[in-house]
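For reference, the structure discussed in these notes is given below.
The values are calculated or read from the model by the stated rules, or taken from the named source; none is laboratory data. A quick note: this is a predicted structure, and the numbers were derived from the prediction, not measured. Please note: Cβ atoms are built from the backbone with ideal geometry, for glycine as well, and neighbour counts cover all protein chains shown. Remember, those area values only see protein heavy atoms, side chains included, never the ligands or the DNA or RNA. Shrake-Rupley method; radii C 1.70, N 1.55, O 1.52, S 1.80 Å.
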Amino acid sequence: MNIIEKFKTRVSKYGFKYVFEIILRNKIYRPLDKAVFFVSKILWKNTSLKNTIIIESHNDFDSNGGAFYHYLIKNNYNQKYKIVWMLRNDKPNNLPYNVDGFNMFKPSFRKYYYICKAKFITYDHVPIEKVRSDQLVCYLTHGPVGLKAFKGKFILPEKLDYCLCPSEYLAPLLAYQYSIKFPNKKQVILGYPMHDVFYQNEVGDLRKIIFSKYRKAIIWMPTFRKPIQFDRNDSDIELPMGIPIFNDMDELVDLNNMLKEKESFLIIKIHPMQDMKTVKVKGLSNIMILDGKSVKKLGIDNYRLMKDADALISDYSSVAYDYLHLDRPIGYTLDDMEHYKVGFIIDNPSELMAGHIIYNKKQFINFIEDVINNKDPYKEERRKLFDKVFKYHDGDSCKRLTEFMGI
């Protein structure tokens, strides 16, 4: 297939706008950005560092970076430090005092001025290169641990100072996935900033999408199988609806009727990396669909949403471990486990599960019925897994991180 044919195929599959944005980013912005960075390092590498904190997160102002940022603002650290965001989306107009943001993919001398002179750099997803030996760079991660193997797909930069790790038990497993030796000085166990919200008394974000009284609200957060990336599919089978378990809208309508009768809701939160063209699910009265764009529009944070949910349905994703902090029922959809090409971090994934195992629609509905009827048969198994996976069971992770970094 020549370049013209490949372009036409991708435009027909992904749309002209997306393909054009990828070409602009990879073929124009990226080379220019590298050139600007090279010049910036020459200009500012030997100048004094400033009280600046660089932050990057999975989808801007979310995940660990977002939670850390909100802690810094709440405790007035922006009075002393300039806080600079590396953004994927447009910069908000209402940023607090002493906070700025730049598109992380577009070339900018101002962006690299801050990166070259920042005392502290944190990122969740896209590595930000350390320029100076006296800078402190910490990878916060965008998930504590998932069942999905990622060895070779994400390698910790050699100049990285620290990487958050949830427990002594997981440290060697994650070191192997990150392709670093164990033991090491990079992995630090401080807890995860994004989990602090689970221990706060503030109201969560479910109120932003459910306006009527209800008995139970269950959130379903499947990991991505087919991301909006060219020529990638993490599963050997195609999911007809773009989500596990269900094969057509009629099955979802039946589920919706049952939820309506039981005065309960199911919120399906689609992973931001999932190709939305594969998702055929339509919103119903008691089944709601959220994606990366809608949560931004509604001002919803995943963890504040999970905080209000009575139960979680997931699969191989890290959110099943985040949710352990809430000590509520978890269901795992594993209907495509044998076809999941990515693999798992341990040979027997069931060792890191504590909840209903769901292979089909009947088991899915059984889980929902158990939640509605307040049946929780895996409570003790969940507690044991929680103790194994996480060292800290509190809401002080942001505080520990701030003190550890010397901010």
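The accessible surface of the chain, taken with every protein chain in place and a 1.4 Å probe, is 52 percent carbon and sulfur.
Taking the Cα centre of the chain as origin, work out the dipole magnitude from +1 charges on Lys and Arg Cβ and -1 charges on Asp and Glu Cβ, in debye rounded to 20.
Values: 63 positive and 49 negative charges, 399 e Å.
For this selection, approximately 1920 debye.
Which of rounded, prolate, oblate describes the stretch 82-186, given a ≥ b ≥ c as roots of the alpha-carbon gyration tensor eigenvalues and a/c under 1.5 marking rounded, otherwise prolate only if a/b is larger than b/c?
Values: a/c = 2.28, a/b = 1.82, b/c = 1.25.
Prolate is the answer for the stretch 82-186, as a/c is 1.5 or above and a/b outweighs b/c.
Principal-axis analysis of the Cα atoms of the chain puts helix 379-389 at an angle of about 20° to the longest axis. Is the stretch 318-377 rounded, prolate or oblate when judged by the Cα gyration tensor, a ≥ b ≥ c being the square roots of its eigenvalues, rounded requiring a/c under 1.5 and prolate requiring a/b larger than b/c? Since a/c reaches 1.5 but b/c is at least a/b, the shape of the stretch 318-377 is classed as oblate.
Accessible surface area normalised per residue over the chain is 48 Å², counting heavy atoms of protein chains with a 1.4 Å rolling probe.
With angles folded into 0 to 90 degrees, how steeply does helix 361-372 sit against the dominant principal axis of the chain? Use alpha carbons for both and round to 10. Roughly 90 degrees between the two axes. When the charge dipole of the chain is built from unit charges on Cβ atoms (+1 for Lys and Arg, -1 for Asp and Glu) and taken about the Cα centre, the candidate among N256, Y178, A118 whose Cα reaches farthest toward its positive end is A118. Just name one of V371, V389, I357: the one whose Cα is farthest towards the positive end of the charge dipole of the stretch 355-402 (beta-carbon charges, Lys/Arg +1, Asp/Glu -1). Looking along the dipole axis, the top candidate is V389.
A straight chain from D327 to M249 at 0.36 nm per residue would run longer than the Cα-Cα distance by 24.9 nm.
Given the DSSP H assignment, sum -39500 (n - 2.57) over each helix run of at least 4 residues in the chain and divide by its residue total; what's the result at 222 nm in deg cm²/dmol, nearest 500? Numbers along the way, then the final one.
Values: 13 runs with 126 residues, N = 407.
One gets -9000 deg cm²/dmol as the mean residue ellipticity at 222 nm.
Between the Cα long axis of helix 63-74 and the first principal axis of the chain there is an angle of about 70°, rounded to the nearest 10. Working ranking of peptides 362-374, 88-100 by packing, defined as the average number of other Cβ atoms within 10 Å per residue, highest first, is 362-374, 88-100. Dipole size of the stretch 33-150 about its Cα centre, with +1 on Lys/Arg Cβ and -1 on Asp/Glu Cβ: approximately 440 debye, rounded to the nearest 20.
Taking the DSSP bridge list for the chain and keeping only pairs wholly inside it, about 5 percent are antiparallel.
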